[in-house]
Each structure stands twice: as structure tokens, then as C-alpha cells.
């Protein structure tokens, strides 16, 4: 709100950072043409460029075997293993010795996911009920205006807290969904 009032444009900051990163990436790509560099250096630069491009396009920082495994999963299950699902489940993944991605999800994670999901849905529902109840009570003069709007504000807070609790389980939920696939 303050940025809007003072007409501060934050997009310029992000634009400057993006331009600087893209210039660095362009310099790395141009340095591959330098014949004075050794093959090991060129290989390291090429790996760095591939990792940065993969991160820019999919939002996941990974080395070459990990990237190949993630690409194979996405090709094998394009509808179930979308990139945003893989990005969310990334903390629960590891690369196995066979070069395949293994998901570290157990029964405890399933229970935690179910408990938090039901709790967050209950908090959101309770927030909506209290919001409507206190707004109607204030409008029809059953409560003083100040108390009614304060309690309605608590209803809004409960709704946003429930949404936040649900948001915290997105990664675990994505990992559980992906673990049901034959990766």
C-alpha cells in the first residue's frame, strides 16, 4: 500500500536483477566460443549454463543426472507429473543409485498431510461462519459496531490462517501424489 501511495515501482528492481543475470548467462555462452579455454573449463561452463536455463524454465536447481531423471518423469507422466508438482515435491526427492528419482514419503507424511488439510479446512469454514455471523449481528444491531467489525476482522484472519496452513502442505501433498506413480 505504501509503495502504491509513494508511486514506488519495484518492478525496476526485479528487471535490473533479471537483466544482470541474463547478461551473465550471455557472457558464459559467448565464452564457450573461446578457443583458449580448456575442455574441462568449457564443460564446467556448459554445465553451469544448462543448470541456469533449467532453473529459469522450471524453477528447480539440479545437476545433470537429476535434471535428466526429472525430465524422464515428466515425459513418462506428462499429466500427473507437471513441473509445478515436481517443483513442490522437490524437497521430498532424492536421486537413487540407479539414476531414478526416489520420493521420501512415508505413512507419517500422509497422516500429517491429512491432519493439516482437515484442520485448515475447518479453520477456513469457521472463519467464514464467524465472519458472516458477526457481520449480520452488527448489521441487525445485535452487537455494537466496533465489536462486530472487530470479530469480523478475526474471521478474516482465521480464513487467511487456514489458507496459510493449507499452503504449507502443498509440497508434501505433491510428493504423496507423485509417490503413487511408478517412477
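When segment 122-148 is filtered for residues that are in contact with a helix residue (DSSP H, G or I) (Cβ under 7 Å, 6 or more places away or on another chain), surrounded by 14 or more Cβ atoms within 10 Å (Cβ to Cβ) and part of a helix (DSSP H, G or I), the ones remaining, listed by number, are 123, 124, 126, 127, 128, 130, 131, 134, 135, 137, 138, 148. Within segment 149-170, the set of residues being over 17 Å from residue 119 (Cα atoms) and buried (at least 18 other Cβ atoms within 10 Å of the Cβ) comprises 152 only.
Could you tell me whether residue 121 is under 15 Å from residue 170 (Cβ atoms) and at pLDDT 95 or above?
yes
Residues that are surrounded by 13 or more Cβ atoms within 10 Å (Cβ to Cβ) and over 18 Å from the mean Cα position of the chain (by Cα) within segment 84-99 comprise just one, 95. Inclusion of residue 9 among residues that are modelled with pLDDT under 85 and in contact with a helix residue (DSSP H, G or I) (Cβ under 9 Å, 6 or more places away or on another chain) is warranted.
Remark: pairs (first residue in segment 18-30, loosely packed, with under 12 Cβ neighbours inside 10 Å; second residue part of a helix (DSSP H, G or I); Cβ separation under 6 Å; 6+ apart in sequence or on different chains) are absent. How many residues are farther than 20 Å from residue 57 by Cβ and part of a loop (DSSP other than H, G, I, E, B) if we restrict to segment 76-115? Of the residues in segment 76-115, 8 are farther than 20 Å from residue 57 by Cβ and part of a loop (DSSP other than H, G, I, E, B).
The values are calculated or read from the model by the stated rules, or taken from the named source; none is laboratory data. None of the values given here were measured: they were computed from a predicted structure. Glycine gets a Cβ as well: all are built from the backbone with ideal geometry, and neighbour counts include every protein chain shown.
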